[in-house]
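The values are calculated or read from the model by the stated rules, or taken from the named source; none is laboratory data. None of the values given here were measured: they were computed from a predicted structure. All Cβ positions, even for glycine, are placed from backbone atoms using ideal geometry, and neighbour counts span all protein chains on display. For the accessible areas, the whole protein counts, side chains as well, though only heavy atoms, and no ligand, DNA or RNA atoms are used. Shrake-Rupley method; radii C 1.70, N 1.55, O 1.52, S 1.80 Å.
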Amino acid sequence: MDFVRSFDYRRNWFFPLFVVAGLVWLLAEPAKLDAIPAVGDLIGPFAGMAALLSIVAIGTVIVATALRPVLDRGPQAERALRWVGYGLIIAFFAFMPLYVEAIPHASMLKMTVAIQFMMVIVGINLLTGFGGQISLGQGAFFAIGGYTLAIGFREWDMPWGWSLIIAPLIAGALGFLIGIPALRFKGPYLALATLSLAVTVTPLAKKFEEFTGGVQGVVMFGKLGVPFWQDNLDRFFYYTTALLALLVFVLAANLRRGRFGRALIAIRDNETAASAMGVNVALYKMTAFGIAGAFAGLAGALNGVVIQFVSPDQYSPLLSIRFLVGAVIGGVATINGAIIGGLFQQFVPDVTVSINKSAPDAIQAIILIVVMYTMRHGVAGFLQETWRYARSGLRLRKPGAGGTAIVETVVVVEQEEVVVVRQDGGGSG
Amino acid sequence: MTEFIQLVLAGTANGCIYGLLALALVLIYRSTHIINFGQGEMAMFSTYICWSFLNAGMGYWVAVPLTLILAFAAGIAVQRILIRPVQNAPELTIVIVTLGLYLFFNSLALWIYSGVPKPFPLPTGIRQASWQVGDIFIIPYHLFIFAVLITLMAVLYVLFQRTKLGLGLRAAAAQPASSRLVGINVNWMLALGWGIAAAAGALAGILSAPVVQLEPNFMATILIFSFASATLGGFDSPPGAVVGGIAIGNIVALGGRYIEFIGTQLDIVLALVVIVAVLLIRPAGLFGRQVVQRV
Amino acid sequence: MSAILEAVNLRAAYGDRPVLFGIDLRVPERGIVALLGANGAGKTTTLRALLAEVRTWGDVRYQGESIAGKSTQDLVRMGMVMVPEGRGTFTDFTVEENLLLGAYSRRDKDGIRRDIERMYGYFPVLGQRRKQRAGSMSGGEQQMLAIARALMSRPKLLLLDEPSLGLAPLIVQEIFGILTTINREEGVSMLLVEQDAVRALKVATYAYLLETGRVALEGTADQLAASDDVRRAYLGY
Ligand SMILES: Nc1ncnc2c1ncn2[C@@H]1O[C@H](COP(=O)(O)OP(=O)(O)OP(=O)(O)O)[C@@H](O)[C@H]1O
Ligand SMILES: [Mg+2]
């Protein structure tokens with residue numbers, strides 16, 4: 001097989017490892033890996049995830065090979081295929097109630113929360129992946145969404161539907177304003193400043209007890225009415241969330257593809273050049289913060305509705321970190337990566353918590369670091385690259401053409417080395 | 001007035017600890033331009049290691065140096081194994097890897113030691129009871145913290161300014177490319193920097209453990225205060241970090257007492273206000289060198 | 001004459017992008033060899049490849065020994081030292097600290113002290129500025145500092161990358177004067193990259209002309225100076 005021969009093993013040494021991990025997973029049962037104390041428990045989830053990933057990657061290669069005659073016909077074929085892919089994803093979520101029971105660890109409620117995570121992550125992808133602005137503070141906007149619902153409910157008996165409109169507006173406006181100081185910060189400084197935001201939420205919510213209910217939070221059990229499916233709230237909230245998420249995804253994809261997305265990418269890649277070309281850097285950055293904030297606010301309000309309970313401890317800084325981690329694992333410079341990131345953040349902790357209550361974070365940390373070394377563009381980026389590689393690797397013997405994209409990144413890295421050498425201060429001095 | 005002095009004394013003692021951890025952050029930032037979000041958790045984990053030694057019956061004055069040596073080695077290992085491969089990667093990647101460190105050590109501590117707070121002893125030879133001078137109570141342990149900090153600063157000063165190794169460390173941090181050309185092993189210098197930083201952080205953890213309770217999240221707040229200290233002092237200035245730490249310690253102590261709204265719950269907000277204000281007004285901090293941003 | 005440096009089929013790449021495509025090069029013991037070429041021809045890359053600063057293939061022998069697998073530090077310790085393009089001044093350090101850094105690979109304290117004084121003898125300006133921050137010196141002074149710094153490590157082979165770049169003719173003359181003195185009196189061999197071909201060919205005994213990562217022409221300095229190609233392209237007459 002040409003693909004096997006032309007594969008760039010030096011750069012993608014981990015790929016065979018995934019396959020090996022998959023084998024470990026298959027053989028785990030007969031080999032009694034679980035019997036190994038402490039480690040045995042951990043091998044399972046890791047190998048399982050690696051197996052899943054390698055199956056998907058191999059599937060990608062097979063699909064690319066199988067569809068080769070169709071795809072070679074031209075760009076329309078590729079585009080059509082992409083739409084088929086979107087259709088499949090939408091169908092998967094649309095018919096969820098039919099098979100949710102069959103998916104291990106899944107339930108309608110968990111799927112709903114996973115989709116809410118996806119909404120936050122899409123925002124991060126726009127802001128961080130395309131805009132280059134690191135935010136560790138998305139949890140704060142999520143909290144604003146939750147508290148818009150809770151305070152509205154507590155103080156004025158506001159119907160929860162309203163919060164779905166008001167929360168993104170408030171969070172978006174706040175995000176836009178937060179964008180102003182953020183203009184002065186770069187890279188790790190921005191991460192630091194936004195982390196501050198995430199850290200303040202819990203103490204502030206506890207402090208303003210008279211509005212937020214303090215540590216006890218606001219309980220809304222059974223008090224949020226729905227127009228239909230009263231006997232199946234989970235289903236109602238699931239579809240509400242899914243529809244809004246679809247809206248968010250379509251909006252994000254359009255933003256990404258249009259003028260806004262191009263401007264953001266230009267800013268990320270070279271701010272000076274972008275502003276020299278007449279891009280209003282400040283406005284675009286602030287808007288990106290605003291949009292990401294609005295998405296998180298909407299998700300936060302929905303989350304409050306679904307959980308029917310809002311309290312300060314839900315919004316620890318760890319939540320913000322988890323959002324970013326989800327985005328990064330999914331693939332931060334992709335829109336589709338958010339789907340993977342959301343599912344990851346909902347289900348991996350769920351599956352691994354049975355090992356030990358701190359296992360989810362430990363495992364996430366390890367996966368995170370491994371992903372950073374092996375798939376810098378996340379799972380979605382990895383699959384895209386596999387696809388591209390399969391397509392070009394099939395046509396060419398030498399890894400040359402398939403590797404163009406990779407070569408470019410390497411050159412960029414070499415240049416970055418020069419830039420990073422001395423970069424003091426958060427802004428211009 | 002008495003109360004004010006009392007607060008300043010306590011604030012300064014806490015500030016020394018913030019300054020120590022800030023020093024660790026700054027040492028790493030100066031050499032590798034990384035803000036290590038995992039610094040606090042590495043320190044926390046080292047403190048647990050020290051606790052384990054003490055728990056096993058080792059004396060304070062044996063356990064602490066041993067822990068520092070281990071922390072030093074661990075810092076080097078983390079740099080060589082985890083950080084070096086992504087050293088030239090985009091900033092997001094590096095931030096993510098250090099966040100990974102944060103999550104990893106935090107959850108590992110929770111896993112191994114559980115969330116139940118552990119008692120951590122005062123150093124042997126330091127008495128619990130305070131001295132009374134007029135109306136003021138002086139806590140011996142506070143003086144001890146202060147003395148440790150001063151000693152460490154002196155040692156680091158001599159190391160960096162008066163030794164050949166220090167010259168190499170500074171050169172490798174400031175100009176890695178040129179340093180390589182004069183035969184300095186830059187990679188090792190950066191790793192040593194991480195080792196020194198990890199040891200300084202561990203010291204901060206060990207010193208603060210008797211005051212606050214030792215539990216897996218105990219360094220999280222201290223880390224935020226240290227971020228504020230390093231920002232205030234300037235992320236590329238080690239003495240700035242210490243001065244910034246003492247300043248933050250006092251701001252928090254006095255602000256919590258005299259600004260009614262802040263109280264004890266919102267002291268962290270004070271730190272954040274300082275961070276944002278400094279970044280807006282004087283991004284390089286009080287002692288940092290103002291450098292025109294190169295793009 | 002035996003060669004201090006001999007490269008056969010030297011290739012180099014930045015990441016996956018090849019830049020040198022097989023260069024044969026020889027620097028005789030105590031000789032000065034010029035390396036000429038247009039911008040982007042790969043001159044700097046050749047020097048960096050010799051010092052193992054980029055991904056490199058090929059057979060390089062230094063003092064008769066293969067140096068495959070040696071790191072930059074090792075090579076500096078072995079006396080192969082570069083004066084980099086752009087001078088590589090340690091800007092935040094004093095002039096004296098810069099010289100001490102140059103001697104980083106040495107252990108003989110007294111020798112280092114003596115050499116510092118010797119450098120102040122070659123370059124009196126540096127002696128007057130010993131406590132000044134090196135970054136605040138003029139371009140010419142920094143170039144002298146760069147050469148002095150390289151000499152502090154007691155090199156056997158100096159790799160000089162465009163020492164005349166951006167300097168006034170008088171200063172260039174002074175620097176080249178000192179370089180030839182050092183070559184003559186201390187027997188330091190030199191591989192000299194230069195844009196100013198006239199001057200380079202005057203001090204060098206042998207020269208190579210690079211073109212997009214290959215040796216386009218080589219010969220004694222006189223031969224190259226007389227060659228029509230070189231004259232037209234690089235000497236401008
Ligand atoms: N860090 C790098 N990453 C990628 N490519 C590089 C890098 N440095 C140089 N190059 C490329 O390698 C080629 C040779 O560069 P080199 O610096 O060796 O040229 P040069 O002959 O020294 O030119 P000049 O006279 O301008 O100094 C050029 O095409 C350049 O674009
Ligand atoms: Mg050059």
Inter-residue pairs, beta-carbon under 6 Å, first at negative phi and more than 7 Å from chain B (Cβ to nearest Cβ) and in region C:81-93, second within 12 Å of ligand 2 (Cβ to nearest atom) and of a type outside the set (Lys, Arg), 6+ apart: C:Val83/C:Leu160; C:Glu85/C:Thr44; C:Glu85/C:Asp161; C:Glu85/C:Glu162
Qualifying residue in region C:202-219 (condition: open to solvent by 10 Å² or more (accessible area, probe 1.4 Å), out of contact with any strand residue (DSSP E or B) (no Cβ under 8 Å at 6 or more places or on another chain), away from chain B (no Cβ under 14 Å) and away from ligand 2 (no atom under 16 Å from the Cβ)): yes
Identity of the residue in region C:156-171, modelled with pLDDT under 90 and more than 16 Å from ligand 1 (Cβ to nearest atom), that ends up nearest to the other protein chains (Cβ to nearest Cβ): C:Ile171
Any hit, region C:34-51, residues being farther than 19 Å from C:Glu162 by Cα, within 16 Å of ligand 2 (Cβ to nearest atom) and of a type outside the set (S, T, N, Q): no
Unique match (being farther than 23 Å from A:Ala191 by Cβ, in contact with a Ser or Thr (Cβ under 8 Å, 6 or more places away or on another chain) and surrounded by fewer than 23 Cβ atoms within 10 Å (Cβ to Cβ)) among A:Ser358, A:Ser316: A:Ser358
Qualifying residue in region B:109-118 (condition: in contact (Cβ under 8 Å) with a residue 12 or more places away in the chain, under 18 Å from the mean Cα position of the chain (by Cα) and at negative phi): no
The listed residue being part of a helix (DSSP H, G or I), within 14 Å of chain A (Cβ to nearest Cβ) and touching a residue at least 12 places away in the same chain (Cβ under 8 Å), out of B:Ala220, B:Ala198, B:Ala202, B:Ala253: B:Ala220
Residues being over 16 Å from the mean Cα position of the chain (by Cα) and more than 7 Å from chain A (Cβ to nearest Cβ) - total across region B:70-88: 11
Extreme residue, nearest to C:Met82 (Cα to Cα), among residues of region B:178-195 that are assigned to a helix (DSSP H, G or I) and within 7 Å of chain C (Cβ to nearest Cβ): B:Leu181
Where a residue in region C:10-31 is without any contact (Cβ under 8 Å) to a residue 60 or more places away in the chain and its partner, wherever it lies, is open to solvent by less than 10 Å² (accessible area, probe 1.4 Å) and in a loop (DSSP other than H, G, I, E, B), with Cβ under 6 Å and at least six apart: none
Hey, C:Ser153 more than 16 Å from ligand 1 (Cβ to nearest atom), part of a loop (DSSP other than H, G, I, E, B) and touching a residue at least 60 places away in the same chain (Cβ under 8 Å) or not: yes
Residues (within 14 Å of chain B (Cβ to nearest Cβ) and either open to solvent by 50 Å² or more (accessible area, probe 1.4 Å) or more than 16 Å from ligand 1 (Cβ to nearest atom) (or both)) located in region C:26-66: C:Arg48
Some residue of region C:202-214 being within 16 Å of ligand 1 (Cβ to nearest atom), within 18 Å of the chain's Cα centre (by Cα) and of a type in the set (Phe, Trp, Tyr): yes
Residue among B:Ile184, B:Ile206, B:Ile196 that is closer than 28 Å to B:Leu165 by Cα, out of contact with any Asp or Glu (no Cβ under 8 Å at 6 or more places or on another chain) and open to solvent by 20 Å² or more (accessible area, probe 1.4 Å): B:Ile196
Lone unmet requirement of (1) open to solvent by 20 Å² or more (accessible area, probe 1.4 Å); (2) out of contact with any Phe, Trp or Tyr (no Cβ under 6 Å at 6 or more places or on another chain) for A:Leu195: (1)
Failed condition for C:Arg11, given (1) under 14 Å from the mean Cα position of the chain (by Cα); (2) away from chain A (no Cβ under 14 Å); (3) charged (D, E, K, R); (4) within 16 Å of ligand 1 (Cβ to nearest atom): (1)
Single unsatisfied condition, B:Phe137 versus (1) outside any helix (DSSP H, G or I); (2) open to solvent by less than 50 Å² (accessible area, probe 1.4 Å): (2)
Selection status of B:Gly11, open to solvent by less than 10 Å² (accessible area, probe 1.4 Å), out of contact with any Lys or Arg (no Cβ under 7 Å at 6 or more places or on another chain) and at pLDDT below 90: yes
So C:Glu96, is it away from ligand 2 (no atom under 16 Å from the Cβ), without any contact (Cβ under 8 Å) to a residue 60 or more places away in the chain and open to solvent by 10 Å² or more (accessible area, probe 1.4 Å): yes
Checking B:Tyr18 against (1) open to solvent by 10 Å² or more (accessible area, probe 1.4 Å); (2) outside any helix (DSSP H, G or I), the condition it does not meet: (2)
Test: residue in region B:141-157 that is open to solvent by less than 60 Å² (accessible area, probe 1.4 Å), within 14 Å of another protein chain (Cβ to nearest Cβ) and in a helix (DSSP H, G or I): no
Residue that is more than 16 Å from ligand 1 (Cβ to nearest atom), of a type in the set (D, E, K, R) and open to solvent by 30 Å² or more (accessible area, probe 1.4 Å), where the choices are C:Arg113, C:Arg106: C:Arg113
C:Gly127 vs. criteria open to solvent by 30 Å² or more (accessible area, probe 1.4 Å), small (Gly, Ala, Ser), more than 16 Å from ligand 1 (Cβ to nearest atom) and without any contact (Cβ under 8 Å) to a residue 24 or more places away in the chain: no
Test for A:Phe176: is it open to solvent by 10 Å² or more (accessible area, probe 1.4 Å), under 21 Å from A:Leu264 (Cα atoms) and hydrophobic (A, V, I, L, M, F, W, C): yes
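Conditions tested, residue by residue: (1) more than 25 Å from A:Gly326 (Cα to Cα); (2) modelled with pLDDT under 50; (3) within 16 Å of ligand 2 (Cβ to nearest atom); (4) of a type in the set (Val, Ile, Thr).
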site	(1), (2), (3), (4)
A:Lys357	no, no, no, no
A:Asp361	no, no, no, no
A:Gln364	no, no, no, no
A:Val371	no, no, no, yes
A:Met375	no, no, no, no
A:Lys398	yes, yes, no, no
A:Glu414	yes, yes, yes, no
Positions within region B:1-32 being within 18 Å of the chain's Cα centre (by Cα) and among the aromatic types (Phe, Trp, Tyr), in sequence order: B:Tyr18, B:Tyr29
